[in-house]
Every structure is written in structure tokens, then in C-alpha cells.
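Enquirer: This structure is in C-alpha cells; I'll ask about it shortly.
The values are calculated or read from the model by the stated rules, or taken from the named source; none is laboratory data. Just so it is clear, the model here is predicted, and its values are computed rather than measured. Positions of Cβ are backbone-derived with ideal geometry, glycine not excepted, and every protein chain shown enters the neighbour counts. Protein only, heavy atoms only, side chains kept; ligands, DNA and RNA dropped before computing areas. Shrake-Rupley method; radii C 1.70, N 1.55, O 1.52, S 1.80 Å.
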Amino acid sequence: MQFAVVGNPIHHSLSPLLHNSAFQALGIRGFYGRYLLESNQAFLSLKSLHLKGANITVPYKEIAFQSCDEVFGIAQEIGAVNTIVFKQGKLLGYNTDALGFYQCVESLNPKNALIIGAGGSAKALACILKEKNIATTLINRSRERLENFARAGFHTATFESFSPKTAYEIVINTTPAGLTNDSLPMDSVILTSLLESAKFAFDLVYGRETPFLNLAKSLKIPRCDGKQMLINQAVLAFEIFMESQKILIDRAILRQSMQDAL
Ligand code: NDP
């Protein structure tokens, strides 16, 4: 029983570590690998890998959505799929990024949120926040990517045109700023004032303390990086994979094994 994560680049992905740890802890004979797919054309040959299921990462989540025979849950609204099950020659698509993120913040019971960035992950977060009736504003460096969000009814602004009308309880960085350098995603004076009035700061980047999280730390704002979201989306994907194989699993062992793996 084989599964894999596919994307480009893929060498850095922690998904094989998470899923293989779960197989081992649960005593299930399964293997989870990784494939570098270099083009949309290569992505379309995914079926020929004879996998039972796959996780999809950048830049193929949208084409994965378009390629699925059926798409379930919030993935329909997001228009992006990060989990695929292969069943009787059909591709069934799901999105576990959105709920994986929400599980990180739901105990805060927020009324509103500010998302910095307007890319693929921002779309997943905005959709689940909207579904949970949390008023969401998106701000971005460039205008183009904001247009779809504005059409969908979100408050949007470019960094230049942004003037905060309220305090945002959660401030979320969905840009890769700080992943490989020491830059903040936006102007430090405005970001400092946003964080000073926030209850929680969340950065999707994981594996390094970003300047965004360092700023939140210096202001003593509770914060979280993207590691827990990564684990949550993997737990949800693994459950979908096993359900498709009609294999019952112990959820507590699953979560613990992935938590311990990182
Ligand atoms: P996209 O490429 O789809 O979007 C990136 C967004 O960030 C765009 O809005 C872009 O703005 C903005 N941006 C890029 N660089 C900068 C910068 N230097 N300063 C300010 N804004 C910038 O990426 P994704 O949404 O797919 O992923 C974003 C990040 O989230 C990545 O670091 C990824 O690793 C992480 N991620 C983490 C997950 C987890 O489980 N923890 C899950 C998914 C993603 P513009 O439109 O102006 O170009």
C-alpha cells in the first residue's frame, strides 16, 4: 500500500517522515514516498504511479483540483486540493490545509482575523475563517491576487492602501517572507502596531523562527509557527487515506506518532 507527496520542489517535504512514522506506530504495512513532478504534464501522469493516495503541494494544488473526478468539503470552495485518494480509477480530492490551520486557532474563539498575503494558502485559510463566521481581512504586496478575494466578499487592501479600521485578534503571516532571509512581510511600524493590538500571531512558515514571530515575541504576543498546522493537515490526510482502505486506526496513536516525529 503506497502513498506519496508530489510537488516541485519536494526534497524538503516532511510528509514522508510524518506518514511513515504513523504507519510504524500503528503497525500498518504501508509506505509513503515523495515524487518530484516537474510540469503540469508530469502531474497529469500521477495515476500511473499506482498509489492509493497522495498529498499535493506547491505548485500543483489547483491543477489537482481541476483533475479530480469528485471534490469533497471545503476544497470545493477553495479550488485547491492537497489530498487525493485513488479509487476505482477515479481521483477523489480533499483539502486538509484549511481545517489543519483552523484547529490551531479554534480554542481562541476569534471574532476577526488579518491575513498577510493572498496566495494559495491564504485562500484556504480565508475560506475556513469565513465558514466559521470570523470576519477576515486580507492585505497583500500586489493588487492582482487580492481581486478574487474582494469578489468573494472579503475586506482587502494592498500594503500601501491599508489603514486598519479595527484591532485584529489574530494576525497571520501566509507569505514566505523570513523563510530564507531576515525580512518582515510588511512595513515594521505598521506590523508592530497590528501585533500590539492582537491576541495571537500565527506564521505558516515552520522550521525557523521568522522575523515576524520574533517581533511578536518581543511584544509578548502569544504565537505559533506552521509546524502544528503541518501536523494537523497530515493527521487529517492520513485519516482520509485509511478510511478509503477501510482500515480502522487509533487517532490518539496517529497524532502522537506524527507529533513525536518532528
Ligand atoms: P503563494 O506563492 O501562493 O503565495 C505567496 C504570497 O506571499 C503572495 O501573496 C505574495 O505576494 C506574498 N509574498 C511572497 N514573498 C513576499 C515577500 N517577500 N514579502 C511580502 N509578501 C510576499 O504561496 P503559498 O500561499 O502556497 O505559501 C505561502 C507560505 O506558507 C510558504 O512559506 C509555505 O511554505 C507556507 N505553507 C505552510 C503550510 C503549513 O502546513 N505550515 C501549508 C501551506 C503553505 P504577491 O502577490 O505580491 O507576490
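Enquirer: I'd like the full set of residues that are touching a helix residue (DSSP H, G or I) at 6+ places or on another chain (Cβ under 7 Å) and either within 22 Å of LEU92 (Cβ to Cβ) or crowded, with 20+ Cβ neighbours inside 10 Å (or both), limited to the stretch 5-25.
Expert: Residues satisfying the conditions are VAL5, VAL6, SER15, LEU18, HIS19, SER21, ALA22.
Enquirer: Which condition number in (1) more than 16 Å from the ligand (Cβ to nearest atom); (2) of a type outside the set (A, V, I, L, M, F, W, C); (3) open to solvent by 30 Å² or more (accessible area, probe 1.4 Å); (4) in a helix (DSSP H, G or I) is the one that GLU147 fails?
Expert: (1)
Enquirer: Scan ILE116, ILE170 and give me the residue that is within 10 Å of the ligand (Cβ to nearest atom) and closer than 18 Å to LEU213 by Cα.
Expert: ILE116 is the lone residue from the list that is within 10 Å of the ligand (Cβ to nearest atom) and closer than 18 Å to LEU213 by Cα.
Enquirer: Specify the residue that is nearest to the chain's Cα centre (by Cα); the eligible residues are those in the stretch 128-144 that are within 20 Å of CYS224 (Cβ to Cβ) and more than 10 Å from the ligand (Cβ to nearest atom).
Expert: ILE128
Yes/no matrix, rows are residues, columns are (1) open to solvent by 60 Å² or more (accessible area, probe 1.4 Å); (2) touching a strand residue (DSSP E or B) at 6+ places or on another chain (Cβ under 6 Å):
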residue: ALA42; (1), (2): no, no
residue: LEU46; (1), (2): no, no
residue: GLY53; (1), (2): no, yes
residue: CYS68; (1), (2): no, yes
residue: ALA75; (1), (2): no, yes
residue: GLY93; (1), (2): no, yes
residue: LEU108; (1), (2): yes, yes
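Enquirer: Out of the residues in the stretch 180-218 meeting the condition of being over 19 Å from ILE139 (Cβ atoms) and in contact (Cβ under 8 Å) with a residue 12 or more places away in the chain, tell me which one is farthest from the ligand (Cβ to nearest atom).
Expert: GLU209
Enquirer: Let me ask something else. Do we have ALA201 as touching a strand residue (DSSP E or B) at 6+ places or on another chain (Cβ under 9 Å), under 24 Å from LEU99 (Cβ atoms) and outside any loop (DSSP other than H, G, I, E, B) here?
Expert: yes
Enquirer: Okay, moving on. Going through the stretch 219-249 one residue at a time, which ones are within 16 Å of the ligand (Cβ to nearest atom), closer than 26 Å to ALA118 by Cβ, open to solvent by less than 50 Å² (accessible area, probe 1.4 Å) and not in a strand (DSSP E or B)?
Expert: Result: ASP225, GLY226, MET229, LEU230, ILE231, ASN232, GLN233, ALA234, LEU236, ALA237.
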